[in-house]
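The values are calculated or read from the model by the stated rules, or taken from the named source; none is laboratory data. This structure is a prediction, so every number in the text was calculated from the model and none was measured. Cβ placement follows ideal geometry from the backbone for every residue including glycine, while neighbour counts extend to all protein chains displayed.
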Amino acid sequence: MIGNTSEDILILAIESSCDETAASVVKNGRTVLSNVITSQIATHTVYGGVVPEIASREHIKAVNYVIERALAEAQVSLEDITAIGVTYGPGLVGALLVGVAEAKALAYAAKKPLVGVHHIEGHVSANFIENPDLEPPFVCLIVSGGHTHLVIVKDYGEFEIIGRTRDDAAGEAFDKVARAVGLGYPGGPKVDKAAREGNPHAMEFPRGKVDGSPYDFSFSGLKSAVLNHINHARMIGEEINVPDLAASFQNSVVESLVSRAILAAREFGYKKLAIAGGVASNTALRSAMEEACKKEGIKFYHPSPIFCTDNAAMIGAAAYYEYLKGNVSGWDLNAVPNLKLGER
């Protein structure tokens, strides 16, 4: 058993914001002792996307199991835990409520501090797990199904948003294009896989820009251009080369993301750049960002794919730094589905 000494802070973390139920034990914000995830992808695939009510019910079924497994794999008991961290927003309200209610019950019963964590702060904090040298400040590109943000991480849990999407998030665009071309759900990994067999310059799709806002993103025009291309091909009976289309679409998204992130790092004078969120596991994005950073003399950080998807280890890392700052939640902690980055 790993004891809770004065040097070690053990966080039991819970994540249930969308369609993964997860629990993790994290030591001192950087060492993952366990990371248990149950995914609902198979359940939602038949519907082509996440059904919120079904997601909530599946979380209820899985939440006790993942917590028990996380404690067992970490070889600790609830008594050894220093504090309990939980995602309380943003996300699906019913899904969030399952995790929040569970965390509050455990914290109350075990007389442990409760730490509410912002889901996106968790994604950023995933970079701390495998990169012991990474400390703020640095630039971070956050790319997921619901969020596309470009931020300066000024300190642990302290962010300045310098760019964001004006319409679709990048991951949302991946899902919609994947559905339209018949690749199915989840769209991001399926487009990524198909694109590896395609020519990224086969079709020239637009790179959305926002006048007067060089760090902001726009993907609705790109999505419309791809959908129009698909519809036109079907109208004239032309076969769609799915790998070429996927590669060309992905190339446009990646160029938009990389160019703005590099511009921000250069103009704000930062030599450290990180990526986070589900789309951060995209192979083309990781490769292009690594190459661009190398050219600019910027150190590039990224989590392993398992820490890019929704997971509780990242929540444990974020909760550790919130706990150190004394940001402990009360028993009135509630789910906040539209929680903005920087809000508490």
_Residues that are over 24 Å from Phe174 (Cα atoms) and of a type in the set (Asp, Glu), drawn from region 45-76_ = Glu58, Glu68, Glu73
*Any chance region 73-89 includes a residue that's crowded, with 20+ Cβ neighbours inside 10 Å and more than 19 Å from Val36 (Cα to Cα)?*
yes
*Being surrounded by fewer than 17 Cβ atoms within 10 Å (Cβ to Cβ) and among the hydroxyl-bearing types (Ser, Thr, Tyr) is the filter; apply it to region 175-221 and report the residue that is farthest from Val242 (Cα to Cα).*
Ser213
*Looking only at region 236-251, which residues are farther than 24 Å from Ile120 by Cβ and touching a residue at least 12 places away in the same chain (Cβ under 8 Å)?*
Ile240, Asn241, Val242, Pro243, Asp244, Leu245, Ala246, Ala247, Ser248, Phe249, Asn251
*Restricting the first residue to region 157-171 and requiring it to be closer than 15 Å to His123 by Cα, which pairs with a second residue that is acidic (Asp, Glu) meet a Cβ separation below 7 Å and a spacing of at least six or different chains?*
Gly157/Glu121; Gly157/Glu322
*Select from region 206-244 the residues that are farther than 13 Å from Ala173 by Cβ and of a type in the set (A, V, I, L, M) and write down the one among them that is modelled with the lowest pLDDT.*
Val210
*Residue satisfying all of: in region 2-32; in contact with an Asp or Glu (Cβ under 7 Å, 6 or more places away or on another chain) and surrounded by fewer than 20 Cβ atoms within 10 Å (Cβ to Cβ); nearest to Leu324 (Cα to Cα) among these*: Asn28
*Per-region count, region 210-235, residues more than 18 Å from Gly182 (Cα to Cα) and without any contact (Cβ under 8 Å) to a residue 40 or more places away in the chain*: 3
*Selection from region 168-186 of residues that are touching a Gly at 6+ places or on another chain (Cβ under 8 Å) and closer than 19 Å to Ser218 by Cα*: Ala169, Gly171, Glu172, Phe174, Asp175, Lys176, Val177, Ala178
